[in-house]
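Inspection log for the structure reproduced underneath, given as structure tokens.
Read-outs: derived from the displayed coordinates by stated rules, not from any lab. Predicted model, so just to flag it, every value in this text is computed and none were measured. Glycine gets a Cβ as well: all are built from the backbone with ideal geometry, and neighbour counts include every protein chain shown.
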There are 2 protein chains.
Amino acid sequence: MKVGVFDSGIGGLTVVKSLLEHQLFEEIIYFGDTSRVPYGTKDKNTIIRYAIEAVEFFKNFELDLIIVACNTVSAYALDEMNESASCSVIGVVEAGVLATSNAITNKDDNILIIGTNATINSRAYENGLEKLNFTNLTAKATPLLVPLVEEEIVSGEILNATLKHYFDTIEKPKALILGCTHFPLLSQTLQTYFGKETQLIHSGDAIVEYLQNKFDFYKRFSNPKLKFFASENPEALRATAQKWLYE
Amino acid sequence: MKVGVFDSGIGGLTVVKSLLEHQLFEEIIYFGDTSRVPYGTKDKNTIIRYAIEAVEFFKNFELDLIIVACNTVSAYALDEMNESASCSVIGVVEAGVLATSNAITNKDDNILIIGTNATINSRAYENGLEKLNFTNLTAKATPLLVPLVEEEIVSGEILNATLKHYFDTIEKPKALILGCTHFPLLSQTLQTYFGKETQLIHSGDAIVEYLQNKFDFYKRFSNPKLKFFASENPEALRATAQKWLYE
């Protein structure tokens, strides 16, 4: 299978990392819209417009599947992308909902969803979890965590002050949905902050679980073809890919 | 005079505020490229492309002057904008250099320039100040200050930790150039952090000083026409304008 991975920037590489670890695909085409990142502060119409342009880009390749690694796009533009694409388009939100449901047994266990302003405003995770009868949901936009990761600040005083700012009054959750592709890079600090009892739900692992539920993967590809495209500065994207995926 | 003010987003409103206070213009047309903000992390070619599109937008109005409120655009795209515009285009960097030169008498007094990654990488302020024989220049990209302002965090623990992160090892400057339109909103905290001896150079005040040097303003306009345009969500821009300019 030949898969396209779409993200607003470089964050979706955390999803590619999970795909590579599980050797699911023969070829992975990554497109990051680096010239217009971030999407998480933009409005719905703009996000849909950009997402459809990404589908158009992927029409240059004969893909079997498009994975939307960006939570914001998954929350707002999945239907529109499916309408204009000639292959299936799946998103991390649906996958994250499924992974949470598999990880949590009690329907009244408290679940905390964090993400960009746009993702949280969409209520996409809450809508999905409410359909599965989860009742104890808290959603919190944590937009500052994105530039912190981009500045490679993944621990220390600023991050701790920021976590306190966002979570000081929030009860420790049973599950924490990392509703932005940048957040897996904060896993260790978040796990320390919330403690061992909190299960972190990671989009990359969630999408692998979702794919394995949905498709039969008869072959493994230990050395898939990888191509990286970006709307600006693809060299920087390739350098980050080298670092995140192989180091 | 009818003036266009261009910014990558809402930050340029701090420049509009200075223009209004000095009642220089009969009509002000503001355009914020809110659907593609921020520019400060983008590369030169993208910034130039977006800036030329802004010039095209302003051709819908018969302007006498375009003011580029965004430091990043001023640093990278002023020549290209001047080439494609049918009126003069002036930027905050040139104005900031002039204002600094007027504020600082000793050529070896230390000057600290802060801004986005793109503005600092351009060395635009340093090039301008070096031409005027200033010798003691330090430039520091402070990209986290932008989302902090956007989250309305303009004091407190996170901001203090961030200032320490950026400035802990930097000598207190005689002048601090606020090389991003967001930073005037941090003036008070920065003044407290660096102390009274540090003069803050504010793009809005700098551009007024520059304009008054360059043009004769025979009339004052206490009630200028104001129009606000944005590439996304102009209502949000107008709401922020209302808040920042009149409250």
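Answer yes or no: is there a residue in region B:141-156 that is in contact with a strand residue (DSSP E or B) (Cβ under 6 Å, 6 or more places away or on another chain) and not aromatic (Phe, Trp, Tyr). Full working, then the answer.
The first filter runs over region B:141-156 and keeps only residues in contact with a strand residue (DSSP E or B) (Cβ under 6 Å, 6 or more places away or on another chain), leaving B:142.
Subsequent filtering for residues that are not aromatic (Phe, Trp, Tyr) retains B:142.
Yes: region B:141-156 contains one or more residues that are in contact with a strand residue (DSSP E or B) (Cβ under 6 Å, 6 or more places away or on another chain) and not aromatic (Phe, Trp, Tyr).
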Of everything in region A:146-160, what is at the interface with another protein chain (Cβ under 10 Å from one of its Cβ atoms) and in a helix (DSSP H, G or I)? Give them in sequence order.
A:146, A:147, A:148, A:150, A:157, A:158, A:159, A:160
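Kindly provide the set of residues from region A:30-73 that are over 24 Å from residue B:41 (Cα atoms) and under 17 Å from the mean Cα position of the chain (by Cα), ordered by number. Talk me through it step by step, then tell me what you get.
Going residue by residue through region A:30-73, those that are over 24 Å from residue B:41 (Cα atoms) are A:55-56, A:58-67.
Result: A:65, A:66, A:67.
Please determine, by comparing only the residues of region A:15-38 that are within 14 Å of another protein chain (Cβ to nearest Cβ) and touching a strand residue (DSSP E or B) at 6+ places or on another chain (Cβ under 9 Å), which one is surrounded by the fewest Cβ atoms within 10 Å (Cβ to Cβ). Walk me through it before giving the result.
Start the filter on region A:15-38 by keeping residues that are within 14 Å of another protein chain (Cβ to nearest Cβ), which leaves A:32-38.
Next, from what is left, pick out any that are touching a strand residue (DSSP E or B) at 6+ places or on another chain (Cβ under 9 Å): A:32-35, A:37.
Working: A:32: 30, A:33: 23, A:34: 22, A:35: 19, A:37: 25.
Once the filter is applied, the top-ranked residue is A:35.
Considering only region B:200-237, how many residues are closer than 17 Å to residue B:92 by Cβ and either within 18 Å of the chain's Cα centre (by Cα) or part of a helix (DSSP H, G or I) (or both)?
Residues of region B:200-237 closer than 17 Å to residue B:92 by Cβ: B:200-215.
Among the residues that remain, those that are also either within 18 Å of the chain's Cα centre (by Cα) or part of a helix (DSSP H, G or I) (or both) are: B:200-214.
Residues that pass the stated criteria total 15.
Being in a helix (DSSP H, G or I) and touching a helix residue (DSSP H, G or I) at 6+ places or on another chain (Cβ under 6 Å) narrows it down to one residue among A:186, A:163, A:190; which is it? It would help to see each step written out before you state the result.
Working: A:186 fails: touching a helix residue (DSSP H, G or I) at 6+ places or on another chain (Cβ under 6 Å); A:190 fails: touching a helix residue (DSSP H, G or I) at 6+ places or on another chain (Cβ under 6 Å).
After applying the criteria, what remains is A:163.
If only one of A:87, A:70 is within 19 Å of residue A:28 (Cα to Cα), of a type outside the set (D, E, K, R) and surrounded by fewer than 21 Cβ atoms within 10 Å (Cβ to Cβ), which one is it? Even if it seems obvious, please write down each step before you answer.
Working: A:70 fails: surrounded by fewer than 21 Cβ atoms within 10 Å (Cβ to Cβ).
That would be A:87, the only listed residue that is within 19 Å of residue A:28 (Cα to Cα), of a type outside the set (D, E, K, R) and surrounded by fewer than 21 Cβ atoms within 10 Å (Cβ to Cβ).
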Being within 15 Å of residue A:50 (Cβ to Cβ) and touching a strand residue (DSSP E or B) at 6+ places or on another chain (Cβ under 9 Å) is the filter here; which residues of region A:84-118 pass it?
A:85, A:89, A:91, A:116, A:118
Subset of region A:103-120, residues within 15 Å of residue A:131 (Cβ to Cβ) and surrounded by fewer than 24 Cβ atoms within 10 Å (Cβ to Cβ), comes to A:104, A:107
Some residue of region B:209-223 being closer than 16 Å to residue B:11 by Cα and surrounded by 13 or more Cβ atoms within 10 Å (Cβ to Cβ)
no
